Amino acid sequence: MQASDRFNINSQLEHLQAKYVGTGHADLNRFEWAVNIQRDSYASYVGHYPILAYFAIAENESIGRERYSFMQIEEKDSCITSMTLSRFCLCFVVVLTA
Amino acid sequence: MASLDPEIAKTQEERKKMEQQLASLTSVTFDTDLYGGSDKDSYLTSIPANEDEENMDAMDNEVARKLASYTAPKALLKEMPGVGDGDADLGFRKPQRIIDREDDYRQRRLNRIISPERHDPFAAGEKTPDASVRTYADVMREEALKREKEETLRAIAKKKKEEEEAAKAAPEKNKESDAAAVPQKRRNRWDQSQDDGAAKKAKTSDWDMPDTTPGRWDATPTPGRMTDATPGRRNRWDETPTPGRLVDSDATPAGGATPGATPAGMTWDATPKLAGMATPTPKRQRSRWDETPAAMGSVTPLPGATPAAAYTPGVTPVGGVELATPTPGAINMRGAITPEQYNLLRWERDIEERNRPLTDEELDAMFPQEGYKILEPPASYVPIRTPARKLLATPTPLGTPLYQIPEENRGQQFDVPKEAPGGLPFMKPEDYQYFGALLNEENEEELSPEEQKERKIMKLLLKVKNGTPPQRKTALRQLTDKAREFGAGPLFNRILPLLMQPTLEDQERHLLVKVIDRVLYKLDELVRPYVHKILVVIEPLLIDEDYYARVEGREIISNLSKAAGLATMIAAMRPDIDNIDEYVRNTTARAFSVVASALGIPALLPFLKAVCQSKKSWQARHTGIKIVQQIAILIGCAVLPHLRSLVEIIEHGLNDENQKVRTITALSLAALAEAAAPYGIESFDSVLKPLWKGIRQHRGKVLAAFLKAIGFIIPLMEALYASYYTKEVMLILIREFQSPDEEMKKIVLKVVKQCVSTEGVEADYIRNDILPEFFRNFWVRRMALDRRNYKQLVDTTVEIANKVGVADIVGRIVEDLKDESEPYRRMVMETIEKVVTNLGAADIDARLEELLIDGILYAFQEQTSDDANVMLNGFGAVVNALGQRVKPYLPQICGTIKWRLNNKSAKVRQQAADLISRIAVVMKQCQEEQLMGHLGVVLYEYLGEEYPEVLGSILGALKSIVNVIGMTKMTPPIKDLLPRLTPILKNRHEKVQENCIDLVGRIADRGAEFVPAREWMRICFELLEMLKAHKKGIRRATVNTFGYIAKAIGPQDVLATLLNNLKVQERQNRVCTTVAIAIVAETCSPFTVLPALMNEYRVPELNVQNGVLKSLSFLFEYIGEMGKDYIYAVTPLLEDALMDRDLVHRQTAASAVKHMALGVAGLGCEDALVHLLNYVWPNIFETSPHVINAVMEAIEGMRVALGAAVILNYCLQGLFHPARKVREVYWKIYNSLYIGAQDALVAAYPILEDEQNNVYSRPELMMFI
């Protein structure tokens, strides 16, 4: 960032963005981005009841089971979990310091 | 907007529904006042893009309410040519010297000595401290010694005085001195505190100020502190503040050895000098004299100089560190002299000290004992005591007084300051003392590393102090970065003396304090040995009258305590707690409260407890309790968790043997109760009894303090108890009503107010038991003369009125409206105004009403003073409260007004006009339209008024009449009135402009048809000039008026005028014009304006094209959904603008695209929008902040209109671009997209292939039934 940039709105914008979990930056790699996409997707499925119902019909499962399995997916993938945790902590730090 | 097609209406409907849902979900509600009812205004919820503060202006809300239909972007209306509304003169303010605004008490800071550094037990570990280092024990011992000496001196003086009293057989001898001594004594009791209080009443009451002095003896200076030391007869009147006089009294040489020679003084050598010895000769090198500790330079031990001071002990204490005996009466003069004189004095004293005649002992030591004979001086010889005067005396010519051609000295420097080498900033004469060394062009390499370091620090400090902002900035940074390298000692030894410089200015002090703050942060625990030094310099900031200085001082001390730790802070400040000087104790108490708030109250509690119970000296107890008071004042309601323990710590002070301790305890309780209100009564249980017992026992000042405490505790109680205790205390209060003491009066009033306002106290009780005495004692003329009494009395009476009702209070004072004293009448009027505004006039019966109006008219007519607002407001308030009941009096009132409108004095005319605007509404209520018409005609006749202030008021009065009776009934008719207003629009006075444009705007809005179109066109031209006005309200009113006029006479002509105005040079003017165009477009439908506007874009001139684009941007912002019909028409123009070389073109076009996109979202214009997005997108790499901001906003707008998926697809190409610069920009866009529409992106993310055991694909999305 240039010196002149430091005080203008753009820095504020980036700072603001950095406060949200799931936002990215220039050094984000494919894996990290993919993790974010996954988390967002499952969160979205769980959050929208009609989608859950749709998946339930397609998979011939109960809606509750679907929801439960979506919520467990993160847990299964140990690798992703650890990554996510560290990201979480980082974000917390960012939020706290902001 | 009436002709919206059903489709739009449907979309709006849906959107509104969605918004409601959202609102209920997130429970975010918009302030309809702020954002207006229409939803297009809610777009303003973005991050502020430029430096204008949003919604800071209360005017905005007001106008938004009044003119909900016309809105111009706030950012624009706020924009100012040049610097802006208020701060223009800020840059030109003369630098202020701190000393100029300080009173005597505050100037005592200069008497303090920057103490040498102390032993740091933490750093030393187990080691026994070196003998040369000052440890805590040393300091305490010195303090004890000082105190002892003080006692002894006091005893001696007392004895002397007794002897003198005894010898006072001859009465005439002391007549004069008695007269002088009596006021002096009084002064120490109340008056002194009043002086100090007046300066700092903002924060604390004047009670916590210095008056801990039991008699004049407390003011006795400590050695090294030049307070008024002379006991007995000398008072300030004896000391004429002429320098010569002081010098005379000082000039007698000390009997003892030169202080500097005393070995005990050695520890002082490290101490930097006290400020103030600035020598005006720049060439002077640092001599060994400069090394002399300050205390010696400034406070020469000179006993027995004046006969009056004969019994000031003449012995210089042997071996004491502070060798200085109090200089008689040097201090009181300080208030009267300027810093230059002060400096001069110090300097002169310094010189005298060196040039003083040799004493016999010294001569004996110099000359051999034999071979010399001591001659008697001739009888006529009178020694000249001031060598400085010798210099002025005519020189005795030596030899033949023939003229000689003087040899020219080319190296001489005729007072021109030497150019500072190496690009150093300019030095002021005072600075030579500190920075003089920098002027020696010594070879840097020859210096020792220590000296080099010192030089470096000096250079940096000089740059910070006197340099240009960039110099200052880099110097500050270097100082911070290298702080640990330089070391705490050298840094503080340089910085702190600068802060004691008597000619310091606010700005300089601010900068130096900033340096300390930064350095502290870096040095951390290394500052420990210097804590006391720093405190000596920083503590005075805590009682500075400048709020920011106080805050700064608090910040530094809080940082200092965090860096040094509690133990060091306590060790450093403990000795000052029972210092003999009240000033030191006062500032120390304040500093301690800051430490408490920084490190937490619990940490400090044990220490406080110990101090408050100190058996050794009452001063310690007093200071300890004062610390509690200051803590309460400083941290407010945060004392609540510790309230009980704090009260417990101080409660025994109520029964202390010393009256000052009792007083301060009561005051501290008051502060605690005030801070804790309305909670925490249970913590005060233990002090209730002693307090109530106390008010029966004590008299005078202690009683006042106790009453104050009770006054603050009663509001915390439950209704039942409050009522009981109020009755208890009221007996005493009523007795004290008669007290002649001003301070007591104020406190009694305050306590009455507090008691009365508590719930449990009934109206009957107040009416019967309090009111008669209250009015008899307080409602007297004398009370109106003192500003603070006046305020307090009004407040208390209003509070009582809230309990007992209007009629009682007004009935009692209404007669006084005809009193012969004007200040008293004003006080009555103000009280009536407040009471009536609070409670209305329903209680006032017919008789009282008559008296009231009569009295008010009398008071209004008889007023002579300039401060006329009280009468005006009172009149307005009463008339408005009475409403229709005023009808019978209106003719009389109007008669008065008319008569006064014709008065010779401008003030009176202005006031009469203002009164019309206040009562216009009531006149309408009384159906006195004919009367109003008459007044209108009268006002119309006075439009030729010369004084702009008066003219403004007259226009305001006309406006209020027009508002109330409407356009059709107005006399004079609008068609006559408006042409009369046109020339007035040319007037440059703000008040006139504002009132005039408001009136014109109102007529254009409501009664445009009464005026021919030609006249409106003329007004349009005048209005263009008003777009330049400095006041925002005027510009806003002007722009709105354009809208009204365009609506009235059709847009063509107005538009032509406005478009022409786009060619002018001034940006401000163009900006307002574009807003006006957009408003015209909104009022008269866009199709009437767009063709001409777009045609104007063909003019090959940057300003015009930008103006057109800007108008388009505002236009689309205002018309919202209506934009869907025009988007295809303007797309080619925007295409062109977005491809222009000029940045501003692209920026403005981007913001137009944003508004357009937001307006037409969901209305099926996606094709055009995607097309425009393709033009916007290449601009994402712009670096200019305004442009990139506009582009980002345009993309955000597109996200709303086109959906997040489209933008994501634009984004994907660059998220993993090989060039970091590209990735950064794309991720920024991605992030705002993500924040804006996280959920919507889920469906649009690209399909990623799995890697080994990582599953990236989202198979669920592939499911299909």
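Please treat every number below as a calculation from the coordinates, not as lab data. For clarity, every value in this text was computed on a predicted model and none was experimentally measured. Cβ coordinates were reconstructed from backbone atoms using ideal geometry, including for glycine residues, and neighbour counts include every protein chain displayed.
Limited to the stretch B:1213-1239, what total is found for residues that are more than 9 Å from chain A (Cβ to nearest Cβ) and under 19 Å from A:R39 (Cα atoms)?
3
Looking at the stretch A:30-52, I want the residues that are in contact (Cβ under 8 Å) with a residue 40 or more places away in the chain and facing chain B (nearest Cβ under 9 Å) and have a partner that is surrounded by fewer than 18 Cβ atoms within 10 Å (Cβ to Cβ) and among the β-branched types (V, I, T) with Cβ atoms under 9 Å, at least 6 apart or on another chain. Which pairs are those?
A:Q38/A:I73; A:Q38/B:V1255
So which of B:V1200, B:V1242 ends up being among the aliphatic types (A, V, I, L, M), under 16 Å from A:V35 (Cα atoms) and either touching a residue at least 24 places away in the same chain (Cβ under 8 Å) or assigned to a helix (DSSP H, G or I) (or both)?
Going through B:V1200, B:V1242 in turn, just one is among the aliphatic types (A, V, I, L, M), under 16 Å from A:V35 (Cα atoms) and either touching a residue at least 24 places away in the same chain (Cβ under 8 Å) or assigned to a helix (DSSP H, G or I) (or both): B:V1242.
Quick check: is even one residue across the stretch B:1208-1230 under 25 Å from B:R1146 (Cα atoms), outside any loop (DSSP other than H, G, I, E, B) and in contact with a Lys or Arg (Cβ under 6 Å, 6 or more places away or on another chain)?
Checking the stretch B:1208-1230: not a single residue is under 25 Å from B:R1146 (Cα atoms), outside any loop (DSSP other than H, G, I, E, B) and in contact with a Lys or Arg (Cβ under 6 Å, 6 or more places away or on another chain).
Assess whether B:T971 counts as being of a type in the set (S, T, Y), touching a helix residue (DSSP H, G or I) at 6+ places or on another chain (Cβ under 8 Å) and not in a helix (DSSP H, G or I).
So B:T971 passes the test.
Sort through B:K1031, B:K1124, B:K1110, B:K1063 and tell me the only one that's over 30 Å from B:E14 (Cα atoms), crowded, with 18+ Cβ neighbours inside 10 Å and of a type in the set (K, R).
Only one candidate qualifies: B:K1110.
Considering only residues that are of a type outside the set (A, V, I, L, M, F, W, C) and touching a Leu at 6+ places or on another chain (Cβ under 8 Å), which ones fall in the stretch B:652-697?
B:R662, B:T665, B:P678, B:Y679, B:G680, B:S683, B:P690, B:G694
Hey, can you tell me all the residues within the stretch B:1252-1263 that are closer than 13 Å to A:S41 by Cα and within 7 Å of chain A (Cβ to nearest Cβ)?
Passing the criteria: B:Y1256, B:R1258, B:E1260.
Find the residue count for the stretch B:788-823, including only residues that are crowded, with 22+ Cβ neighbours inside 10 Å, among the hydroxyl-bearing types (S, T, Y) and over 29 Å from the mean Cα position of the chain (by Cα).
1
Within the stretch B:1035-1056, identify whether any single residue is surrounded by fewer than 21 Cβ atoms within 10 Å (Cβ to Cβ) and over 27 Å from B:T968 (Cα atoms), and answer yes or no.
yes
Would the stretch B:1243-1251 turn up any residue that is facing another protein chain (nearest Cβ under 7 Å), surrounded by fewer than 17 Cβ atoms within 10 Å (Cβ to Cβ) and not aromatic (F, W, Y)?
No, there is no match, as no residue in the stretch B:1243-1251 is facing another protein chain (nearest Cβ under 7 Å), surrounded by fewer than 17 Cβ atoms within 10 Å (Cβ to Cβ) and not aromatic (F, W, Y).
So which of B:L640, B:L646 is more than 25 Å from the chain's Cα centre (by Cα), under 22 Å from B:R554 (Cβ atoms), hydrophobic (A, V, I, L, M, F, W, C) and surrounded by fewer than 24 Cβ atoms within 10 Å (Cβ to Cβ)?
Being more than 25 Å from the chain's Cα centre (by Cα), under 22 Å from B:R554 (Cβ atoms), hydrophobic (A, V, I, L, M, F, W, C) and surrounded by fewer than 24 Cβ atoms within 10 Å (Cβ to Cβ) holds for just one of B:L640, B:L646, which is B:L640.
Return yes or no: is B:L1172 in contact with a His (Cβ under 9 Å, 6 or more places away or on another chain) and assigned to a helix (DSSP H, G or I)?
It is false that B:L1172 is in contact with a His (Cβ under 9 Å, 6 or more places away or on another chain) and assigned to a helix (DSSP H, G or I).
Can you tell me which of B:T837, B:T831 is of a type in the set (S, T, Y) and crowded, with 22+ Cβ neighbours inside 10 Å?
B:T831
Test each condition in (1) over 18 Å from B:G883 (Cα atoms); (2) surrounded by fewer than 17 Cβ atoms within 10 Å (Cβ to Cβ) for B:G956 and report the one that comes out false.
For B:G956, the failing item is (2).
Is it the case, given these coordinates, that B:I1034 is hydrophobic (A, V, I, L, M, F, W, C), in a helix (DSSP H, G or I) and under 20 Å from B:I954 (Cβ atoms)?
The answer is yes for B:I1034.
Residues in the stretch B:568-619 that are within 33 Å of the chain's Cα centre (by Cα) and small (G, A, S): how many?
9
Considering only residues that are aliphatic (A, V, I, L, M) and surrounded by fewer than 19 Cβ atoms within 10 Å (Cβ to Cβ), which ones fall in the stretch B:512-558?
Answer for the stretch B:512-558, where residues must be aliphatic (A, V, I, L, M) and surrounded by fewer than 19 Cβ atoms within 10 Å (Cβ to Cβ): just B:V551.
Residue pairs, Cβ under 6 Å, 6 or more apart or interchain, first in the stretch B:1174-1192 and farther than 18 Å from B:A1204 by Cα and within 14 Å of another protein chain (Cβ to nearest Cβ), second of a type in the set (G, A, S) and buried (at least 22 other Cβ atoms within 10 Å of the Cβ). List them.
Once the first residue is farther than 18 Å from B:A1204 by Cα and within 14 Å of another protein chain (Cβ to nearest Cβ) and sits in the stretch B:1174-1192, its partners that are of a type in the set (G, A, S) and buried (at least 22 other Cβ atoms within 10 Å of the Cβ) give B:A1190/B:A1150; B:A1190/B:S1151.
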